[in-house]
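Peer 1: Here it is, the structure, as structure tokens.
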Amino acid sequence: MDNLPTEASSQTHPFARLDPQAVLEAVESVGLFGDGRLLALNSYENRVYQVGLEEGPPVVVKFYRPGRWSDAAILEEHAFVAELAEQEIPAVPASVIDGRTLHEFAGYRFSVFPRRGGRAPELGDPATLEWIGRFIGRIHAVGGTRPYGARPELNLQTFGREPFAYLRTHDFIPPELAATWASVVEQALSGVERCYERAGELPLLRLHGDCHGGNVLWTPDGPHFVDFDDSRMGPAVQDLWMLLSGERQEMVGQMADVLAGYEDFCEFHPRQLYLVEALRTLRLIHYSAWLAMRWDDPAFPAAFPWFHTQRYWQDRILELREQVALMDEPPLWPV
């Protein structure tokens with residue numbers, strides 16, 4: 001599965017040795033000296049810390065989950081974000097220290113980033129959505145200039161069939177719900193396939209990949225984009241649909257606002273709108289598999305105690321049934 005570890009790689013907790021002392025020693029190994037202030041930031045896939053320094057402002061240090069991305073895939077992401085920053089697009093690139101952005105200490109790979117503050121954007125405001133849309137359009141204009149070589153594509157196979165296969169062969173789904181769940185997922189994947197057929201062949205580009213409101217921070221100067229860890233190849237609409245919420249008519253208006261800014265900088269193929277609910281469906285299936293494959297990490301049972309319950313899987317069945325119906329509705333054509 002493209003961005004999930006193999007079963008063998010997940011037998012032991014990968015961050016067991018990453019205590020505060022190890023974090024500070026890793027930072028010191030690249031010539032930065034902490035002042036003792038250490039704040040764990042909200043991240044489950046990786047481990048991310050704000051580290052106060054003896055000289056200068058605090059930095060953000062990301063320790064990459066072992067076994068997830070290759071060095072080449074991480075460096076491709078760093079290069080893409082650096083391209084964006086060079087074009088004065090507000091993304092936060094990894095700091096270059098001793099000519100490198102990716103470092104190693106005690107078996108952990110890590111990178112250092114400048115700390116950038118901000119608040120959640122007001123996604124109910126049309127002007128805010130248009131502003132964000134302009135910058136996503138600029139990101140995609142750069143993202144479309146060349147493909148990734150080491151990072152995978154977001155598609156039916158990597159976000160749908162492979163996660164489904166993993167969940168079917170492991171003991172996370174209550175036996176009394178397993179057959180019903182599998183049947184609904186099969187219906188959902190068939191619906192996704194029909195949506196892709198309606199959309200036809202579309203250009204793929206380097207994406208942010210996880211462009212929800214939590215990864216867009218707002219300042220008086222406008223938005224800036226953080227956490228390109230899920231960046232991959234895919235259709236442009238993947239970076240747009242997570243900004244939408246509410247009833248259908250509300251989402252139609254929100255998409256119109258986003259595209260009003262987006263199309264100032266990048267062409268949008270309207271057939272991509274057939275994929276909005278399909279991509280939402282794939283994310284739901286992939287998310288369950290992601291939780292399952294991280295369950296040996298003690299942070300996951302502590303943060304997601306409901307995952308292994310009957311209620312969780314009952315809710316997923318209902319959710320996917322709703323998605324099956326939604327994927328057969330007309331796309332969100334802006335009016």
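The values are calculated or read from the model by the stated rules, or taken from the named source; none is laboratory data. Just so you know, these numbers come straight off a predicted model, no measurement behind them. So basically every Cβ, Gly included, is an ideal-geometry build from the backbone, and we count neighbours across all protein chains shown.
Peer 1: State whether one or more residues within the range 126-142 are surrounded by 19 or more Cβ atoms within 10 Å (Cβ to Cβ), farther than 30 Å from Tyr312 by Cβ, assigned by TED's automatic domain parsing to the domain that holds Leu53 and in contact with a Phe, Trp or Tyr (Cβ under 7 Å, 6 or more places away or on another chain).
Peer 2: No: the range 126-142 contains no residue that is surrounded by 19 or more Cβ atoms within 10 Å (Cβ to Cβ), farther than 30 Å from Tyr312 by Cβ, assigned by TED's automatic domain parsing to the domain that holds Leu53 and in contact with a Phe, Trp or Tyr (Cβ under 7 Å, 6 or more places away or on another chain).
Peer 1: Then there's this: Can you tell me which residue in the range 22-34 is surrounded by the most Cβ atoms within 10 Å (Cβ to Cβ), limited to those that are modelled with pLDDT of 95 or more and not in a loop (DSSP other than H, G, I, E, B)?
Peer 2: Ala26
Peer 1: Hey, can you tell me all the residues within the range 51-68 that are surrounded by 14 or more Cβ atoms within 10 Å (Cβ to Cβ) and either among the small types (Gly, Ala, Ser) or part of a strand (DSSP E or B) (or both)? Explain how you work it out, then say what you get.
Peer 2: Of the residues in the range 51-68, the ones surrounded by 14 or more Cβ atoms within 10 Å (Cβ to Cβ) are 51-53, 58-66, 68.
Passing the criteria: Val51, Gly52, Leu53, Val59, Val60, Val61, Lys62, Phe63.
Peer 1: Inspect the range 146-160 for any residue being surrounded by fewer than 18 Cβ atoms within 10 Å (Cβ to Cβ), among the basic types (Lys, Arg) and outside any loop (DSSP other than H, G, I, E, B) and give the result as yes or no. Quick ask: steps written out before the conclusion?
Peer 2: In the first step, residues of the range 146-160 are kept if they are surrounded by fewer than 18 Cβ atoms within 10 Å (Cβ to Cβ); the result is 146-147, 149-150, 152-153, 156-157.
Now restrict to residues that are among the basic types (Lys, Arg): 146.
If we keep only those that are outside any loop (DSSP other than H, G, I, E, B) as well, we get none.
There is no residue in the range 146-160 that is surrounded by fewer than 18 Cβ atoms within 10 Å (Cβ to Cβ), among the basic types (Lys, Arg) and outside any loop (DSSP other than H, G, I, E, B).
Peer 1: Is there a residue in the range 233-255 that is in contact (Cβ under 8 Å) with a residue 40 or more places away in the chain, basic (Lys, Arg), closer than 29 Å to Pro121 by Cα and buried (at least 19 other Cβ atoms within 10 Å of the Cβ)?
Peer 2: No.
Peer 1: Give the residues of the range 83-102 that are over 20 Å from Gly31 (Cβ atoms) and either not in a loop (DSSP other than H, G, I, E, B) or not acidic (Asp, Glu) (or both), sorted by residue number.
Peer 2: Within the range 83-102, the first condition is being over 20 Å from Gly31 (Cβ atoms), and the residues that meet it are 83-92.
Within the range 83-102, Glu83, Leu84, Ala85, Glu86, Gln87, Ile89, Pro90, Ala91, Val92 qualify.
Peer 1: Among what's in the range 146-179 and is touching a residue at least 12 places away in the same chain (Cβ under 8 Å) and hydroxyl-bearing (Ser, Thr, Tyr), pick the residue that is nearest to Ala73 (Cα to Cα).
Peer 2: Among them, the one singled out is Tyr148.
Peer 1: Right, next: Residue under question is Val51, and the condition is that it be among the hydrophobic types (A, V, I, L, M, F, W, C) and either out of contact with any Ser or Thr (no Cβ under 7 Å at 6 or more places or on another chain) or modelled with pLDDT under 95 (or both); does it hold? Spell out how you get there, then give the answer.
Peer 2: Working: among the hydrophobic types (A, V, I, L, M, F, W, C): yes; either out of contact with any Ser or Thr (no Cβ under 7 Å at 6 or more places or on another chain) or modelled with pLDDT under 95 (or both): yes.
Judged against the criteria, Val51 is a match.
Peer 1: Something else about it: Could you check, for the range 241-248, whether at least one of its residues is touching a strand residue (DSSP E or B) at 6+ places or on another chain (Cβ under 7 Å) and part of a loop (DSSP other than H, G, I, E, B)? Steps first, please.
Peer 2: Initial filter on the range 241-248 (touching a strand residue (DSSP E or B) at 6+ places or on another chain (Cβ under 7 Å)): none.
No, every residue in the range 241-248 fails to be touching a strand residue (DSSP E or B) at 6+ places or on another chain (Cβ under 7 Å) and part of a loop (DSSP other than H, G, I, E, B).
Peer 1: Right, something else. Which pairs have Cβ atoms under 8 Å, sit 6 or more apart or on different chains, and link a residue in the range 65-87 that is of a type in the set (D, E, K, R) to one that is assigned to a helix (DSSP H, G or I)?
Peer 2: Qualifying pairs under 8 Å: Glu83/Val142.
Peer 1: Are any residues in the range 225-260 of a type in the set (A, V, I, L, M, F, W, C) and more than 20 Å from Gly209 (Cα to Cα), and if so, which ones?
Peer 2: Answer for the range 225-260, where residues must be of a type in the set (A, V, I, L, M, F, W, C) and more than 20 Å from Gly209 (Cα to Cα): Val252, Ala256, Ala260.
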